[in-house]
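For reference, the structure discussed in these notes is given below.
The values are calculated or read from the model by the stated rules, or taken from the named source; none is laboratory data. Note that the structure is predicted; figures quoted are calculated from it, not measured. Here Cβ is always computed from backbone atoms with ideal geometry, including for glycine, and neighbour counts include all displayed protein chains.
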């Protein structure tokens, strides 16, 4: 499936990071920052000032998506959500079908606010269900159980036009039949989008310690591959084929915001710790909320980093992101980003070998990873993508 044709000014995306959580929140890195006692008016003004700065740096653009993420963005005051949406759609011309997503944990406390958030302008929610098994949720350290999570899902489906949720599979001891039953149940809820991630063990985490001690056993490579292939077959049969290695959607219901990242387009990031890409610059906000707030007060924005990306880094990033997509990449566009030629982007010998094996496909300036190749994506990328 060829990638979309080049557009000199494709729609922009806006990411809004809200760092505050409920007390002892298990979901993020800002556990000491609870929403009780937060000066909401001051935070709303700071977000709007940060947004004004990004808008001035990206004038005359269309706006395709807004994504509210971070700690517990569903606990943002609806007035703040509405103010950010109003400002963003004033600075930039919104697409007629603009996607406005809010990331939410599936708790009853947050679900109770969904109607107000929807009235503020949000039209899509992404729920972190994680699992449809109480024992698995306890293992993953989640605060909700299945009953509460499904209650939040039902509330979300009543409040928002578009709903997505995520699950983690390839968990310790998970058998194929168990996962297929869980996925079938997930598909039965009728959402238009699912994010399905295999559990990964990151060094230095509790999971890594448990695995090293033999107290948990993660499915081996062959078992994980079988789970991956079954997942893609089941979602495709249900009308939600994979459009990215871990994301599945009904045609037309793909996450437009995340597609901006994977297609390597411009996106603005505001709020503590938010990252962005604009006009060849990599931007990052101060991560600690107090430092970000001080920077906004002092400078009118919270940017800590605005680094020029060298062309070769841009082309490498674009290839690594784009080859995750079923639609593949436009090598000519990426070569232009890197101020180079297509033959310098990829290792042609490795690509030809992978094409012969049915793992990669190419048609002129289009290249993509095949369905069979997606299973081996982590191995394919370093072979085919030339690094600076």
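Restricting attention to the stretch 182-206 and to residues that are at pLDDT 95 or above and assigned to a helix (DSSP H, G or I), the residue that is nearest to residue 127 (Cα to Cα) turns out to be 186. On the given criteria, is residue 372 farther than 30 Å from residue 16 by Cβ and touching a helix residue (DSSP H, G or I) at 6+ places or on another chain (Cβ under 8 Å)? Judged against the criteria, residue 372 is not a match. Residues in the stretch 70-90 that are surrounded by 20 or more Cβ atoms within 10 Å (Cβ to Cβ) and under 22 Å from residue 49 (Cβ atoms): 70, 71, 73, 75, 76, 80, 81, 84, 85, 88. Summed over the stretch 264-293, the residues that are surrounded by fewer than 20 Cβ atoms within 10 Å (Cβ to Cβ) and under 25 Å from residue 320 (Cβ atoms) give a count of 10.
When restricted to residues that are touching a residue at least 24 places away in the same chain (Cβ under 8 Å) and in contact with a strand residue (DSSP E or B) (Cβ under 7 Å, 6 or more places away or on another chain), the stretch 299-317 contains 7. Scanning the stretch 70-83 for residues that are modelled with pLDDT of 95 or more and either outside the structural domain of residue 119 (by TED's automatic domain parsing) or within 20 Å of the chain's Cα centre (by Cα) (or both) turns up just one, 81. Taking the criterion of being without any contact (Cβ under 8 Å) to a residue 24 or more places away in the chain, in a helix (DSSP H, G or I) and farther than 30 Å from residue 123 by Cβ, the residues of the stretch 207-241 that qualify are 207, 208, 209, 210, 211, 212, 221, 222, 233. Of the residues making up the stretch 290-306, those that are part of a helix (DSSP H, G or I) and touching a helix residue (DSSP H, G or I) at 6+ places or on another chain (Cβ under 6 Å) are 293, 296.
Which of the following residues is surrounded by 14 or more Cβ atoms within 10 Å (Cβ to Cβ) and over 30 Å from residue 51 (Cβ atoms): 296, 329? Step through it out loud before you land on a result.
Details: 296 fails: over 30 Å from residue 51 (Cβ atoms).
Exactly one of 296, 329 is surrounded by 14 or more Cβ atoms within 10 Å (Cβ to Cβ) and over 30 Å from residue 51 (Cβ atoms), namely 329.
Taken over the stretch 166-181, the criterion of being part of a helix (DSSP H, G or I) and in contact with a strand residue (DSSP E or B) (Cβ under 7 Å, 6 or more places away or on another chain) is satisfied by 179 alone. Of 257, 248, all but one fail to be within 29 Å of residue 189 (Cβ to Cβ) and in a strand (DSSP E or B); the exception is 248. So, residue 318, is that one touching a helix residue (DSSP H, G or I) at 6+ places or on another chain (Cβ under 6 Å), closer than 22 Å to residue 247 by Cα and part of a helix (DSSP H, G or I) or not? Here the answer is yes, as residue 318 does meet what is asked.
When the stretch 189-205 is limited to residues that are over 23 Å from residue 324 (Cα atoms) and touching a helix residue (DSSP H, G or I) at 6+ places or on another chain (Cβ under 9 Å), the one that is surrounded by the fewest Cβ atoms within 10 Å (Cβ to Cβ) turns out to be 190.
Summed over the stretch 230-252, residues that are farther than 18 Å from residue 323 by Cα and surrounded by fewer than 18 Cβ atoms within 10 Å (Cβ to Cβ) total 9. Mind checking whether some residue in the stretch 270-289 is in a helix (DSSP H, G or I) and either out of contact with any strand residue (DSSP E or B) (no Cβ under 8 Å at 6 or more places or on another chain) or assigned by TED's automatic domain parsing to the domain that holds residue 53 (or both)? Yes, that holds for at least one residue.
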